[in-house]
Amino acid sequence: MSAEFANLQQKADPSLIRSAANAQTRMSLQAFERHRKQAYQAVTQSSWAKAEKLFSIVGDDPRLSDKDLIALATLRLRAADFEGTWQATSRLLESDPDNIKAAQLATLALSSQNRWGEALPLFERHSDGPARLDYAFVSNHGAALAALGRPQDALPVLLEAMALNLTDPAAHMKLALVLRDMKLYEESAESFQTALTLDPTRLAAQLMVLHMRQHACQWKGFETARAEIVTALATNQDASSLSEGGVFTLVAIEHPAELFKCATAQVAMRFPQIQTPLVARRIERDSGRRVRVGYVSNDFYNHATASLFVESLESRDQVRFEVTLYSHSKNDASAMQDRIRSACERFVDISGFSDAEA
């Protein structure tokens, strides 16, 4: 409060107080408009540091316009602040749910956090119209359907995306994974091979070609191909080339143990960019309470992992150990899934959770 305004209050002249208060409001509005315009211009000019500084002043102000919120979301997305991107776009989508640019930025942010269930309604709201000309939007729509266990629905959407950009290796990787989930292994291998042809450094594609050939029982030249990929992986230091499932697939072929350790370390280097590690904490255990053990898995259904694991759960010392299973598995209503649910104290389905919620 200014000294002038305080003195007016003491004089208790209502008209003068209102006049001074309005002047202060006008000044505040003028300052807001100045910062808002400069922040927007900074984003359009790619002056990211300046934009960050200015939006730190006005970013939470409810008076931001639609184009300001788009600029703020763009700034947050560039900084890999996906939650900040989502917050900015959700403010705009509340008042204008059909805003295409907001939907595009919002789905990019949610997809980057694997929040597919939240992203899907935005994709479906724009199932036709101008948004379907945006390759990233359509491609991520297909990825969302695949991640939610709907490969048959994902297939035509991914083909729609490929009609917009046929030369992106990632598009062929996504298509190959969907074909794999549909158990079309030979077709999946062909799509992985196409991705590899477009980008010969994509070792995950090379590994997945080999793995799909295993599924399809195509053994001609297999040992030569296996030796080639093991050699390539042993000399590779790029974590991104293995980030599309390559490390897990490595388990299915013969390889030196040191190679798997190296490959997992490379991929681990990639994830701190998009995931915040849990805070380490020490919990004092009540000596009179059972030891609580939690397991997280995508295989708590009629799957080989569940078959190998269920007897360990059933045979544990239930007096000493209390078990919770956190599942992001599909619900196949199988006898194995019922059995594994019965073998623990709590079964928590986290398949619809975001990464942060899980």
### Task
Within segment 288-310, count every residue that is more than 17 Å from residue 347 (Cα to Cα) and of a type in the set (A, V, I, L, M, F, W, C).
2
### Message
among the basic types (Lys, Arg), in contact with a strand residue (DSSP E or B) (Cβ under 6 Å, 6 or more places away or on another chain), closer than 20 Å to residue 341 by Cβ and without any contact (Cβ under 8 Å) to a residue 40 or more places away in the chain: is that true of residue 316 in this structure?
### Response
no
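For residue 47, indicate whether it is loosely packed, with under 14 Cβ neighbours inside 10 Å and either at pLDDT 90 or above or small (Gly, Ala, Ser) (or both).
Details: loosely packed, with under 14 Cβ neighbours inside 10 Å: no; either at pLDDT 90 or above or small (Gly, Ala, Ser) (or both): yes.
No; evaluated as a whole, the condition is false for this residue.
Are any of the residues in segment 53-65 of a type in the set (Asp, Glu) and closer than 23 Å to residue 141 by Cβ? Can you show your working first?
Going residue by residue through segment 53-65, those that are of a type in the set (Asp, Glu) are 60-61.
Restricting the remaining residues to those that are closer than 23 Å to residue 141 by Cβ gives none.
For segment 53-65, residues of a type in the set (Asp, Glu) and closer than 23 Å to residue 141 by Cβ: absent.
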### Task
Please determine, by comparing only the residues of segment 119-138 that are within 16 Å of residue 154 (Cα to Cα) and among the acidic types (Asp, Glu), which one is nearest to the chain's Cα centre (by Cα).
124
## Note on the structure
Wholly inside segment 28-97, helices (runs of 4 or more DSSP H) that include 2 or more residues that are more than 25 Å from residue 125 (Cβ to Cβ) and out of contact with any Leu (no Cβ under 6 Å at 6 or more places or on another chain) are 48-58
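Inspect all residues belonging to segment 162-179 and state whether any of them is of a type in the set (Asp, Glu), under 25 Å from residue 201 (Cα atoms) and within 20 Å of the chain's Cα centre (by Cα). Outline the logic, then answer.
Our first condition is that a residue be of a type in the set (Asp, Glu); within segment 162-179, this holds for 168.
Retained after the next criterion (residues that are under 25 Å from residue 201 (Cα atoms)): 168.
This time we only want the ones that are within 20 Å of the chain's Cα centre (by Cα), so: 168.
So far as segment 162-179 goes, yes, one or more of its residues are of a type in the set (Asp, Glu), under 25 Å from residue 201 (Cα atoms) and within 20 Å of the chain's Cα centre (by Cα).
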### Query
Does any residue in segment 133-144 that is among the charged types (D, E, K, R) come within less than 7 Å, Cβ to Cβ, of a residue that is part of a helix (DSSP H, G or I) six or more places away or on a different chain, and which pairs are these?
134/104
### Message
I'm told residue 182 meets every condition in (1) touching a helix residue (DSSP H, G or I) at 6+ places or on another chain (Cβ under 7 Å); (2) surrounded by fewer than 18 Cβ atoms within 10 Å (Cβ to Cβ); (3) within 26 Å of residue 101 (Cβ to Cβ) except one. Can you identify the failing condition by its number?
### Response
(3)
### Task
Among the residues of segment 118-142, count how many are part of a helix (DSSP H, G or I) and farther than 21 Å from residue 81 by Cβ.
14
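Quick one: how many residues across segment 45-81 are touching a helix residue (DSSP H, G or I) at 6+ places or on another chain (Cβ under 7 Å) and free of Cβ contacts under 8 Å to residues at least 60 places away in the same chain?
To start, the set of residues in segment 45-81 that are touching a helix residue (DSSP H, G or I) at 6+ places or on another chain (Cβ under 7 Å) comprises 48, 50-52, 54-55, 57-59, 61, 63-64, 66-78, 80.
In the following step, the residues that additionally are free of Cβ contacts under 8 Å to residues at least 60 places away in the same chain were identified as 48, 50-52, 54-55, 57-59, 61, 63-64, 66-78.
So the answer is 25.
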## Note on the structure
Note on segment 321-335: residues among the aliphatic types (A, V, I, L, M) and either outside any loop (DSSP other than H, G, I, E, B) or surrounded by 14 or more Cβ atoms within 10 Å (Cβ to Cβ) (or both) are 323, 325, 335
### Task
Just need a number here: residues in segment 319-340 that are free of Cβ contacts under 8 Å to residues at least 40 places away in the same chain and basic (Lys, Arg).
2
### Task
Please note which helices (runs of 4 or more DSSP H) are completely contained in segment 185-297 and include at least 2 residues that are modelled with pLDDT under 75 and within 29 Å of the chain's Cα centre (by Cα).
246-250, 257-270
### Message
What pairs come out if I take residues in segment 82-101 that are touching a residue at least 24 places away in the same chain (Cβ under 8 Å) and pair them with residues that are buried (at least 16 other Cβ atoms within 10 Å of the Cβ) and of a type in the set (Val, Ile, Thr) whose C-beta lies under 6 Å away, six or more apart or interchain?
### Response
101/70
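The values are calculated or read from the model by the stated rules, or taken from the named source; none is laboratory data. Since the model is a prediction, treat every value here as computed from it, not as a measurement. Counting neighbours? That spans all protein chains shown, and the Cβs are built from the backbone with ideal geometry, glycine included.
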